[in-house]
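Report on the following structure.
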Amino acid sequence: MPDREKYINTMNLGRNDANKLGWKIGDIFHTSSYVTANGYNYCGYEQMSLPRETRVRITGIKQTNLNAQHHNGIGDVYVDFECVDLKNPDGTPVTCGNHHAWCLLEANPSHMVCPDGSGDLGMVKDHMWLSYAGTTGETDSYGQVEYIRNKTIYLGE
């Protein structure tokens, strides 16, 4: 039987530290790749990998001193969040506690919503907007898999 009370009371829940990213509790962001929820069957809920671009709502923010010596005295930011569209089998929102802020796409300064107004998510690189969404193509002679983006837009110089 899952421990619902402990599960919905994550580490920083309700904590809203001042933070270098300027995020606030209640903001909605998107996961990057490799975000796991319910690690080690936390509170009896099955572990799952969240799909990239899963919408999440921030429920806690903690500015730390970790790695501050490498970033002008400003440490890492850790967040708690709950998934907007994913639920556990018993109906509780899938929650994630104490995750590094870089597990969210919006932490990356090159992250950008598509300039054509479609709402697609992507990144800016070398004066190009590149969609995150795409398909894998052929494998080359070096074993590298080609990634074909759904959309690429030239932004100009």
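The values are calculated or read from the model by the stated rules, or taken from the named source; none is laboratory data. Remember, it's a predicted structure, so these values are computed and weren't measured experimentally. For neighbour counting, all protein chains shown are included, and Cβ atoms are generated from backbone atoms with ideal geometry for every residue, glycine included.
Points worth noting:
- Residue check for Thr95: within 30 Å of Lys6 (Cα to Cα), touching a Phe, Trp or Tyr at 6+ places or on another chain (Cβ under 9 Å) and without any contact (Cβ under 8 Å) to a residue 24 or more places away in the chain: no
- Taken together, the residues in region 66-102 that are of a type in the set (A, V, I, L, M, F, W, C) and touching a Leu at 6+ places or on another chain (Cβ under 9 Å) amount to 8.
- Scanning region 80-93 for residues that are under 13 Å from Thr31 (Cα atoms) and buried (at least 17 other Cβ atoms within 10 Å of the Cβ) yields Asp80, Phe81, Glu82, Cys83.
Per-residue answers, yes or no, for (1) under 20 Å from Thr10 (Cα atoms); (2) of a type in the set (A, V, I, L, M, F, W, C); (3) assigned by TED's automatic domain parsing to the domain that holds Thr31; (4) touching a Lys or Arg at 6+ places or on another chain (Cβ under 8 Å):
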residue	(1), (2), (3), (4)
Met48	yes, yes, yes, no
Gly97	yes, no, yes, no
Gly119	no, no, no, no
Met128	no, yes, no, no
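- Gly75 fulfils the conditions (1) touching a residue at least 40 places away in the same chain (Cβ under 8 Å); (2) farther than 14 Å from Cys96 by Cβ; (3) surrounded by 15 or more Cβ atoms within 10 Å (Cβ to Cβ) except for a single criterion, (1).
- Hey, Asp80 outside any loop (DSSP other than H, G, I, E, B), without any contact (Cβ under 8 Å) to a residue 40 or more places away in the chain and of a type in the set (D, E, K, R) or not: no
- Hey, Gly60 surrounded by 14 or more Cβ atoms within 10 Å (Cβ to Cβ), small (Gly, Ala, Ser) and either in contact with a Leu (Cβ under 7 Å, 6 or more places away or on another chain) or at pLDDT 90 or above (or both) or not: yes
- Picking from residues in region 1-40 that are without any contact (Cβ under 8 Å) to a residue 24 or more places away in the chain and in a loop (DSSP other than H, G, I, E, B), the one that is farthest from Val113 (Cα to Cα) is Asn9.
- Residue within region 134-149 that is touching a residue at least 60 places away in the same chain (Cβ under 8 Å), touching a Ser or Thr at 6+ places or on another chain (Cβ under 8 Å) and surrounded by 11 or more Cβ atoms within 10 Å (Cβ to Cβ) present: no
- All strands (runs of 3 or more DSSP E) inside region 93-157 with 1 or more residues being of a type in the set (Ser, Thr, Tyr): 93-100, 128-131, 134-139, 145-149, 152-154
- Checked against (1) crowded, with 16+ Cβ neighbours inside 10 Å; (2) under 17 Å from the mean Cα position of the chain (by Cα); (3) over 29 Å from Gly134 (Cα atoms), Tyr42 passes all but a single condition, namely (2).
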